[in-house]
């Protein structure tokens, strides 16, 4: 009979193996790793920063947040905000299905597989504590590891668009996420800290 610990180890190892197939690379701790594998490690680290003893399903969901995302590139969809959200929703469904398949193969009961699939599709954001925690973790990873590069990459965005991006990110986070983000912001480059402060100074932000 599969033990709880071995089920978790099985699921995380299978997710890692899948993400290590990413042909894209990212710098991580002085070495180059497959991009989505590196991302999954960032997600795991921030999960334990926000939740000292996270459940197995949250460990799996965070590790699988971008599982095999390179197989469904943004370029498969047209330009524009509507198409972007369609792509994000398709990614969520794919990630949820893959995570559920892996969990089932590792001996998890169907209800736990379904639960993680629901978390990864983010259908219950704001209503479900696990889904909200996943979103907080993802936002923290973005702010810490990808915000600065994204800002440089999208240098053609005007100030108002950047303010909307920051406010949308902030709006998806819980008070716990806000507290962690404000602490993280203290070490941000000056131009990003200024952008964050301006975005949050807006009434209702």
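The values are calculated or read from the model by the stated rules, or taken from the named source; none is laboratory data. Predicted, not measured: the structure shown is a model, and the values here were computed from it. No Cβ is skipped: glycine too gets one built from the backbone with ideal geometry, and neighbour counts run over all protein chains shown.
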Residue 161: in the same structural domain as residue 186 (by TED's automatic domain parsing), out of contact with any strand residue (DSSP E or B) (no Cβ under 7 Å at 6 or more places or on another chain) and either outside any loop (DSSP other than H, G, I, E, B) or on the phi < 0 side of the Ramachandran plot (or both), yes or no? yes
Of the residues in segment 39-90, how many are in contact with a strand residue (DSSP E or B) (Cβ under 9 Å, 6 or more places away or on another chain) and surrounded by 21 or more Cβ atoms within 10 Å (Cβ to Cβ)? 2
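Answer yes or no as to whether residue 134 is in contact with a helix residue (DSSP H, G or I) (Cβ under 7 Å, 6 or more places away or on another chain) and either surrounded by fewer than 18 Cβ atoms within 10 Å (Cβ to Cβ) or not in a helix (DSSP H, G or I) (or both).
Values: in contact with a helix residue (DSSP H, G or I) (Cβ under 7 Å, 6 or more places away or on another chain): yes; either surrounded by fewer than 18 Cβ atoms within 10 Å (Cβ to Cβ) or not in a helix (DSSP H, G or I) (or both): no.
Judged against the criteria, residue 134 is not a match.
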Pick from segment 35-63 the residues that are touching a helix residue (DSSP H, G or I) at 6+ places or on another chain (Cβ under 9 Å) and not in a helix (DSSP H, G or I): which of them is nearest to residue 141 (Cα to Cα)? 51
Surrounded by fewer than 17 Cβ atoms within 10 Å (Cβ to Cβ), farther than 25 Å from residue 184 by Cβ and in contact with a strand residue (DSSP E or B) (Cβ under 8 Å, 6 or more places away or on another chain), is that true of residue 13? no
Of the residues 185, 100, which single one is under 28 Å from residue 72 (Cβ atoms) and more than 16 Å from the chain's Cα centre (by Cα)? 100
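Criterion first (under 20 Å from residue 49 (Cα atoms), out of contact with any helix residue (DSSP H, G or I) (no Cβ under 8 Å at 6 or more places or on another chain), part of a helix (DSSP H, G or I) and not assigned by TED's automatic domain parsing to the domain that holds residue 49) does residue 144 satisfy it? Outline the logic, then answer.
Details: under 20 Å from residue 49 (Cα atoms): yes; out of contact with any helix residue (DSSP H, G or I) (no Cβ under 8 Å at 6 or more places or on another chain): no; part of a helix (DSSP H, G or I): yes; not assigned by TED's automatic domain parsing to the domain that holds residue 49: yes.
The answer is no for residue 144.
When you check residue 189 against the structure, is it surrounded by fewer than 16 Cβ atoms within 10 Å (Cβ to Cβ) and free of Cβ contacts under 8 Å to residues at least 40 places away in the same chain, yes or no? First the steps, then the outcome.
Details: surrounded by fewer than 16 Cβ atoms within 10 Å (Cβ to Cβ): yes; free of Cβ contacts under 8 Å to residues at least 40 places away in the same chain: no.
No: the conditions fail for residue 189.
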Can you tell me which residue in segment 164-205 is farthest from residue 126 (Cα to Cα), limited to those that are modelled with pLDDT of 90 or more and not in a helix (DSSP H, G or I)? 189
(1) part of a helix (DSSP H, G or I); (2) farther than 22 Å from residue 39 by Cβ; (3) assigned by TED's automatic domain parsing to the domain that holds residue 57: which one isn't true of residue 107, the others all being true? (1)
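Evaluate segment 71-78: report whether one residue or more is under 29 Å from residue 164 (Cβ atoms), in the same structural domain as residue 23 (by TED's automatic domain parsing), in a helix (DSSP H, G or I) and at pLDDT 95 or above.
Taking segment 71-78 first, the residues under 29 Å from residue 164 (Cβ atoms) are 72-78.
Applying the additional criterion that residues be in the same structural domain as residue 23 (by TED's automatic domain parsing) yields 72-78.
From the residues that got through so far, the ones that are in a helix (DSSP H, G or I) too are 74-76.
Remaining after also requiring at pLDDT 95 or above: none.
No; the residues of segment 71-78 include none that is under 29 Å from residue 164 (Cβ atoms), in the same structural domain as residue 23 (by TED's automatic domain parsing), in a helix (DSSP H, G or I) and at pLDDT 95 or above.
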